[in-house]
Structure formats: C-alpha cells, structure tokens
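Let me begin by presenting the structure, written as structure tokens, before commenting on it.
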Amino acid sequence: MKRFFVILMAMVMMAGTFSTYQDVQAAEGSLGSNVPEHLTLTWTDSPETTQNFTWRTSTDVTATSVQIMKTSNYEGSFATSEMVEVTGDSFTFDSDEGAMQVHEAKATALEPGTSYTYRVGNGQQGNWSEAASFTTEAAGDRPFTFLFTTDTQSAASTNMTWGYGIWGDIFDKALTQYPNARFMLLSGDVVDRGDEQIHWENWFKAAQEELPTINMVPTMGNHDVYGTGEKNFAAQFQLPENGPEGEKEFAYSFDYSNVHIAVLNSEGDLQKQAEWLKQDMAASDKQWKIVSFHRSPYHSHPDRASLDVRNAWTPVFDEAGVDLVLSGHDHAYMRSYPLYDGEKVNQNKGTTYIIGGSAGPKFYEMEDQPWMKVKFDKDKQIYSGVTVDGNELQFNVTANDGETVDGFTMVKEDPFSGRNFTEWGENLATSEKMKTWSISLNTNIEESALKADHVQVKNSNGQQVDVRLAVENDDTLTVTPEEAYEPGTYYMMIDQNVPNATGKALKNNIRAEFQVE
Ligand SMILES: [Fe+2]
C-alpha cells in the first residue's frame, strides 16, 4: 500500500514538471511536498568559495542535505566518491497560506571559477531535486556578466500576460542572451503583496527552471513590505548579514570580481543605512561601485518622486564615487546623465542612475526631467545585461521582443582606480617579454597563504594578465607572466595583505607601472 502511494506521488510529481506554468492554488493548511521546491541560490559569504542553497518542502520533511560535485566529474550519478554531502538546517515558516519547511544549507571550500552540479533534498531517495549546475566566481578580477531587472510583481498566477509567467519568460530570455551570467539583481517589488504567500508561490513556480542555475540578489520594494512581507522575504532568501542593525538581509553588500555591490532597503531606515553605506563604501578598494534599491532618487515622473531617498543617500553616492545606481518602482526605463550633487558632470566624476523598467504586466507614463539622458516608455518588459571587464563596463538593455532599448559603455582611465596605494615606480622599462619582476619585502612571506589576487597585473585597458607568483629566499616575491607580455604599459598591484607571519606584510597597497618594449 505504501509502495503504491510512493509510485502515485512520483507520477503526480512528473505531471507537475510538464506543466511549468500551471497556477499554484491555495493549499489547505500546509504547503509543499516531500520534494524540494522554491530552490534558490544566494550568497552569505564569498562567491568564489561558497554557495548557499534555500528550498522548501512540507513540514513533514525536516532533514536538509545537498549533494554536490564538480560538473567535470558528474556522469549522471551522485553515487561516487567525488560527491560531497553538505547538511544544513530547516525551520517551519507559517505563511498565510499554511506552514512549510524552509531548508538552508551552505557549501564551503569550493574551487573558484568552477562549475558544480548538485541536488538538494532530505537525504532519502525520491526526495531529491533535479540535478542543476552553477559556476563559482573566478579568482582575481575576471570579466563577468550579471543580469538586472525589476518589478516582477504580478497577479497571483503564472499566466503569461498578467501573471508571474511574464517574469519567468523575461528570466529565460535574459539567460538565453547571457548564458554565462553569474547573478540576477532584482531591484524590488519582487511580488505584488509580500505578505501573501500565494504571490511567492507563483513567483517561484514561474522561474523554477532558471532559479537553480544562477544566484539571486534580491532587493526589497514597497510591495514586498506590505503587511508583514519582510518575514516572507527573509524566510525565503539567505542573504549577507553585514548590513546595519534592523536592516540585516534587507541591506547588505558583497564583492564580485572588481565590483563592490551594495543593496539597500528604500522602505527601511534611510538614515541608518546612509551611515552604514558610508563606512561600507570607504572600506572597499574595488574599482567599480554599484548600489541597488527600489525607489530611485531621480524619478521618471513627479508622481513617483522619492525626495527622502534623494536627500538621505545621494550625498553618500557622491562622496563614495558610486558609478551606477540601479532601481525600479517607475515601471518605465530611464538612464540619467552622470550626476554629482544633482548636476550633470562627466562620467568619471558622477553617478549614473538607472530605472530598470518592468518585468511584470504594469507600465507607467514618463514625463521629461532635466536629468534624463535616455528614456523608454513603450509597454514592453525589459532586462539588462551588465558586463564588467577590467576598467570597462558594458550595459545593454533588451525588450522581451528583442528590441534594443539602450546600450552604453563606461570606462575608467585607471585600471586600479578605487584602491588606495603607494606608487612604487613609474615607467620601469623592460625589453623582456617574459620579464620576472622580483619584489623584496622587509619580512618573510607565508608562501602557503599566498593567493592569486595578492598580486595582479593589468594592461592599460584594464585587462588582467595571468601571472605566476613564487617566493624566493623567504622574503622576495617573484611575478612571472604565464604568456609573453605584448608591448605596452602595465600596472602591477601588490596587495597590502600579502601574508607574513603576523598576517599582513605591507602597510599600503603598492602599485608599479612598467613598460614592455
Ligand atoms: Fe514600487
């Protein structure tokens, strides 16, 4: 009898996988089944070496397990010695639609720049998710792409014209255009009613194919905080807890390659977050600085002006040299001129403000504003692909029918801008294409703790050159290119955190400029 029940359940599950866009109906008292749903990837720690997994089941399932292995070793089975099993914790979340069990696990000690294949479950056969893959962040400052969209809020359905099916479709199109994108930044109004779980049920369902393959970076919007919506948001995403007290997981920051990204909660305590952001930005030496939150300080229509946000946060963006601010809320696309203190300035001095349109059924009118450089208010859903390659940032915006909405490039003249450093030498010339630079420090170097990004070499276009690091005579660092240098100007950054016995070998970062003839 029991066996029959299991087979029947399996058939129901299979039927479920063929009807991706079937609406989720309100359940009777409880949500979920034995099989994981609502699987999401996020980070609370380094994207190079860790990966968080969150999913839900019915409350009958409390054990939490992830089986993970390198994709290069995966041949269709996890039953191999290459597989690592990670256990996690679960808790019961009581939503207005009923209770469900939320499972949280974190894989650590992953290798940078590596594809992993995994599945999640409770460790019992029949209760595993489908196998899916993701890729960790590469070591060093490597080029990468991320996706950006906003306002996925819809009716509580997976309908493709007025429900969350629109969001699933936009997500799929964005990933088709940018298959190597590393995360999806969503700047708020994820759902239409944050406290009504039926919205989340349909939101997750519509993106169930995409969510297990790419990290999410979600932002809180005014619709997400409806009622007690913060609870649904916090329960369903594991996010960094490095934000200010009272805003943890709603305001946070992380680094990816040479970019520092801060997410703020425009529905929370603006002043507290301004103070936190000032410290957070000052502590970062990343070349690019991006901030995302829901309500833009520079609106596309006076009806949606958020002067409280403008007054509280734009002075911090000016001081910190924030390059891009990505927002939503207006359901129309706008790109501002680079602004400093509200005035148009050139790109290297100001912040560009973008309102990312809509990934749901709702569109609003625009009205000309003095800060608008590009506007697009056709009633089409859009998504953006943002590629950062050294000192160049490429931003492309595409509509759901393939129309190009906007495209622009930002270039920083200094490949290590954003970092404080002491200049070591200028115009050191060499005719050797395989030149090994030897740098003697006044202290012994802990070779075992030396990492690839402790010394980086970039050309004048900001592209990273692969180098091999070694230690000679205990205190001399040698830097050799993997392939011959092309003629040109290069910049070498030696990180102050080059390790010695007490942890840190240098007082400052050191930059050397050299020429290869
Ligand atoms: Fe909004």
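The values are calculated or read from the model by the stated rules, or taken from the named source; none is laboratory data. These numbers come from a predicted model, not from an experiment. Cβ sites come from the backbone with ideal geometry, for glycine too, and all protein chains shown count toward neighbours. We work out accessible area using only protein heavy atoms, side chains counted, and drop any ligands, DNA or RNA first. Shrake-Rupley method; radii C 1.70, N 1.55, O 1.52, S 1.80 Å.
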Keeping all protein chains in place, calculate the accessible area per residue for segment 144-411 (probe 1.4 angstrom), answer in Å².
32
Place the peptides 99-112, 315-328 in order of packing, highest mean first, counting for every residue the other Cβ atoms within 10 Å and averaging per peptide.
315-328, 99-112
What the Cα atoms of segment 144-411 span along the principal axes, largest first and in whole Å, is 44, 41, 37
Using a probe radius of 1.4 Å on heavy atoms only, what accessible surface per residue do you get for segment 422-516? Whole Å² is fine.
52
Can you tell me the dipole magnitude for the chain around its Cα centre, using point charges on the Cβ only (Lys, Arg +1; Asp, Glu -1), in Debye to the nearest 20?
340
Residues E111 and S438, FRET efficiency given R0 of 25 Å [Cβ-Cβ distance, rounded to 0.05]
0.30
What is the helix-to-structure angle for 197-206, meaning the angle in degrees between its Cα long axis and the longest Cα principal axis of the chain, kept from 0 to 90 and rounded to the nearest 10?
70
How compact and how long is segment 139-247, expressed as Rg and Dmax of its alpha-carbon atoms in Å?
14.2, 43
When the charge dipole of segment 25-135 is computed with +1 on Lys and Arg Cβ and -1 on Asp and Glu Cβ about the Cα centre, the Cα farthest towards its positive end, among S58, G32, W128, belongs to W128
Calculate the length of the line joining the C-alpha centroid of segment 402-417 to that of segment 128-163, in whole Å.
22
Per-residue ellipticity at 222 nm attributable to helices in the chain (runs of n ≥ 4 DSSP H, -39500 (n - 2.57) apiece, nearest 500 deg cm²/dmol) works out to -4500 deg cm²/dmol
How compact is segment 408-502 by the rule of thumb for globular proteins, expressed as Cα Rg over 2.2 N^0.38 Å?
1.13
Share antiparallel - DSSP beta bridges, the chain, percent rounded to 5
75
Along Cα→Cβ, 7 Å out, is where each label goes; now give me the distance between the ones at D255 and D172 in nm to one decimal.
3.8
If you average the C-alpha positions of segment 447-467 and of segment 364-388 separately, how far apart do those two centres end up, in angstrom?
37
Roughly how many Å² is the accessible area per residue of segment 25-135, as a whole number, for a 1.4 Å probe?
45
Length-normalised contact order of segment 243-293 in % [C-alpha pairs under 8 Å, at least 6 apart]
41
Volume in Å³ per residue [convex hull over Cα atoms, computed for segment 37-196]
138
For the chain, averaging the sequence separation of alpha carbon pairs under 8 Å that lie six or more residues apart and dividing by its residue count, the contact order in percent is 11
Would you mind telling me the share, in percent, of accessible area of the chain contributed by carbon and sulfur at probe 1.4 angstrom?
45
Per 0.36 nm of contour for each residue apart, how much would the distance between T404 and V374 grow if the chain were fully extended, relative to their Cα-Cα spacing?
9.6 nm
Given +1 on the Cβ of Lys and Arg, -1 on the Cβ of Asp and Glu, and no further charges, what dipole in debye does segment 279-325 carry about its Cα centre, rounded to the nearest 20?
160
Each label sits 7 Å from Cα toward the beta-carbon; between R468 and T71 the label points are separated, in nm, by 2.8
Segment 48-113, Kirkwood Rh and Cα Rg, ratio Rg/Rh at 1.07
Ratio Rg/Rh [Cα only; Rh per Kirkwood] for the chain:
0.99
To the nearest 20 Debye, how big is the dipole of segment 422-516 about its Cα centre, given +1 on the beta carbon of each Lys and Arg and -1 on that of each Asp and Glu?
180
Estimated inter-spin distance, A429 and A484, nm [label 7 Å along Cα→Cβ]:
2.0
